[in-house]
Amino acid sequence: RLLGMDSVWQVEKAAFPQAVLRKNFPEATLHGDIFDCHDLPYVDVIVAGFPCQPFSTAGEQRGEKDPRFLVLEMLRVINEVRPRIFLLENVPGFASLNDGRSFKSLLGALAEMGFDAEWGHIRASDVGAPHQRERWFCVGYTTSRVQQDECESHSTAQFQSQLDPAGRTIHRHSACRV
């Protein structure tokens, strides 16, 4: 609502977060288990915070071996719905766990699905919160919205890093069709 958008549907398995979502978004359809979500209606934007326990330094960092690893299901939903834009959020350790293999797999899957992505780390204090909690964010968008002249004809994937004005590193992944 804050950005002039309506929440159409949500996916949450745990009872307490479901209650919070029902209270704050009574108009949205709430789905309980991502494994049971199929044929979801189209939306322009998907916002997803997938479980962090497989990647968090507070846990065992089991990655894909953790039963809470839902990245593949999240990708399935994104691929089935085909939004114009998506926003992913997780712990900062997601991008570096197991030498970045999970992260690189995510980027490769997004490229195969026809999405480009940009990602970086943002601290809560960067947006006015009174604490430092850092999170990893990834914004993805369909490649049909990307200027083809940004792609190099000899490469199917291009990685770039740059510093934003506040000195944070912003990364871009361009998946180019050749």
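Between LEU3 and ASP44, full extension at 0.36 nm per residue minus the direct alpha carbon distance yields a gain of 13.5 nm.
Please list the three semi-axes, largest first and in whole Å, of the ellipsoid equivalent to the range 1-134, using sqrt of 5 times the eigenvalues of its alpha carbon gyration tensor.
23, 19, 17
Sorting 17-27, 132-142 by average packing, meaning the other beta carbons within 10 Å per residue, from highest down gives 132-142, 17-27.
Annotation: lysines with alpha-carbon distance below 26 angstrom to LYS104 (same-chain offsets under eight excluded): LYS65. Given a Förster distance of 25 angstrom, what is the FRET efficiency for VAL20 paired with GLN53, based on the Cβ-Cβ distance and rounded to 0.05? With R0 = 25 Å, the Cβ-Cβ based efficiency is 0.85. Within the same chain, lysines fewer than 8 places from LYS23 are excluded, and of the rest, those with a Cα less than 27 Å from its Cα are LYS13. Working from label points 7 Å from Cα in the Cα-to-Cβ sense, the LEU30 to VAL127 distance is 2.2 nm. Taking every C-alpha pair closer than 8 Å and separated by at least 6 residues, the mean separation divided by the residue count of the range 14-113 gives a relative contact order of 29 percent.
A short reminder: the numbers here are calculations on the coordinates, not readings from a lab. Keep in mind that what you see is a predicted model, and the values were worked out from it rather than measured. Glycine also receives a Cβ, built like all others from the backbone with ideal geometry; neighbour counts cover every protein chain displayed.
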